[in-house]
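Structure, as structure tokens:
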Amino acid sequence: MTEDGEIFVLEVNAFCSFGPLSLIPKLANKVGISSSVLYSSLLENARRRLNKIINDDSLTHTKGRMASIA
């Protein structure tokens, strides 16, 4: 995301890799983001999204199913 709020998507990939040849960790490292910070950030964002789904009253039909996988 730019300072003006413009969002760029590098890639949408259902089977993305974070192995030694992966582009995402290499790009993150080039801008000063370590692998551990990158992975922690991805996991934390996923946890927040899941919690939002579980706690969203408008999704009561999904609430039980999502809580069972949490």
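The values are calculated or read from the model by the stated rules, or taken from the named source; none is laboratory data. Model, not experiment: these values are computed from the prediction. For the accessible areas, the whole protein counts, side chains as well, though only heavy atoms, and no ligand, DNA or RNA atoms are used. Shrake-Rupley method; radii C 1.70, N 1.55, O 1.52, S 1.80 Å.
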(message) If I go through the range 23-70 residue by residue, how many of them are of a type in the set (S, T, N, Q) and modelled with pLDDT under 85?
(response) 5
(message) Return the residues of the range 2-22 that are open to solvent by less than 100 Å² (accessible area, probe 1.4 Å), modelled with pLDDT of 80 or more and not small (Gly, Ala, Ser); say none if nothing qualifies.
(response) Thr2
